[in-house]
Amino acid sequence: MRPLISVVIPAYGGSELLPAVARSISHSSYRPLEVIIVDNGVDRRTFEASVRELEGIDMKIVKAGGNIGTAAGRNKGAREAKGELLLFLDSDVTLDERTLEAMVDFLGHNPEYGVVGPLIFYGGGGVYWSGGTVELPSGRVRMETDVPAELARETDVVPSCILVRREAFEAVGGFFEPYFSGYEDSEFCFKAKRGGFRVACVCGARAYHHVPAGGREAELRLIGRIRLVMRNRLIFVRRNCPSRGCLLAFLFVYNWAYLAYYGYLILSMRRPGLLKDMITGIVEGLRYFLSINLGPS
């Protein structure tokens, strides 16, 4: 008998694509499935349209009581899940009909892998992710954007559409909730690998991330999240750098480089009000970074 997949989707605000995400799940060739939507404060009409798309699939709505973020939303949904496999899916990522089949088949033949994701394309075309390397001390996540010839590519991180064996999820302890949103995927995969679970992109599985592929629209999306970008990179490096030298290199070299780059980007796009958000993120991240009580986990 095939393992049950519990699909966990935190949703907030308009989440305009949520009905399309739900439709792609309902059209999946894989069964058995259950879908858990974590309501972080989603628009009612969007929510109702999504529920209609999932008719006939076992579904559960989990009320978060407000926007608790992606990391905490995923953990909250996982606590309600019954599946042997957990799929953590962003509310703007759609699946091909055989995406789940391909990933489950790979896990079935490769028990040493605990975390996998599909080849991810931009909604408008072009590869969004086919593997990635997390670089330290910079904290940069370098995304591969080719189409691999191999069946699977080992990777440091799986973003946005993450299929996890339950035992791997429990061994890691879930997603680190203080991130709120951003870097939770990288840290989860890092901890899974340190725990002995391999991580891969399953290249025969495909998904579509409906975000801007580049240009001004992508830059606006980035700087609109600048507080979390700056804060979470500091937290991630603090928790995952292997040495004092690594930490100091980030603090005195890379952090200043990021400050200069994002400051220039914000001013060149005539969004000076976001400078305050950027500084707030740095201050919040430094408060964590310099804490003597919080070291690499």
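The values are calculated or read from the model by the stated rules, or taken from the named source; none is laboratory data. Keep in mind the model is a prediction, meaning the values are calculated, not measured. When we count neighbours, we look across all protein chains shown, and the Cβ atoms used for this are built from the backbone with ideal geometry, even at glycine.
Overview of values
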quantity	calculated
Boolean, Arg233 is of a type in the set (D, E, K, R) and in the same structural domain as Lys276 (by TED's automatic domain parsing)	yes
Residues that are over 16 Å from the mean Cα position of the chain (by Cα), small (Gly, Ala, Ser) and assigned to a strand (DSSP E or B), drawn from region 1-37	Ser6, Gly13
Filtered residues of region 150-189 (kept if β-branched (Val, Ile, Thr) and touching an Asp or Glu at 6+ places or on another chain (Cβ under 8 Å))	Thr155, Val157, Val158, Ile162
Test: residue in region 188-198 that is free of Cβ contacts under 8 Å to residues at least 24 places away in the same chain and part of a helix (DSSP H, G or I)	yes
Candidates Ser6, Ser29, filtered to the one that is surrounded by fewer than 20 Cβ atoms within 10 Å (Cβ to Cβ) and in contact (Cβ under 8 Å) with a residue 60 or more places away in the chain	Ser29
Test result for Pro272, assigned to a loop (DSSP other than H, G, I, E, B) and free of Cβ contacts under 8 Å to residues at least 40 places away in the same chain	yes
Residues (of a type in the set (A, V, I, L, M) and outside any helix (DSSP H, G or I)) located in region 51-75	Leu54, Ile57, Met59, Ile61, Val62, Ala64, Ile68
Residue within region 38-50 that is assigned to a strand (DSSP E or B), on the phi > 0 side of the Ramachandran plot and not acidic (Asp, Glu) present	yes
Some residue of region 76-92 being over 27 Å from Lys191 (Cβ atoms) and modelled with pLDDT of 95 or more	no
Considering residues of region 243-297 that are farther than 20 Å from Val134 by Cα and of a type in the set (S, T, N, Q) only, the residue modelled with the highest pLDDT	Thr280
Hits in region 158-201 (condition: of a type in the set (Asp, Glu) and over 30 Å from Arg287 (Cα atoms))	Glu167
Region 160-175, residues that are buried (at least 22 other Cβ atoms within 10 Å of the Cβ) and touching a residue at least 60 places away in the same chain (Cβ under 8 Å)	Cys161, Ile162, Leu163, Val164, Phe169, Phe175
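Here's the yes/no breakdown for (1) part of a helix (DSSP H, G or I); (2) without any contact (Cβ under 8 Å) to a residue 60 or more places away in the chain:
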site: Val202; (1), (2): no, no
site: Ala205; (1), (2): no, no
site: Glu219; (1), (2): yes, yes
site: Arg231; (1), (2): yes, yes
site: Arg239; (1), (2): yes, no
site: Ala257; (1), (2): yes, yes
site: Ala260; (1), (2): yes, yes
site: Asp277; (1), (2): yes, yes
site: Gly281; (1), (2): yes, yes
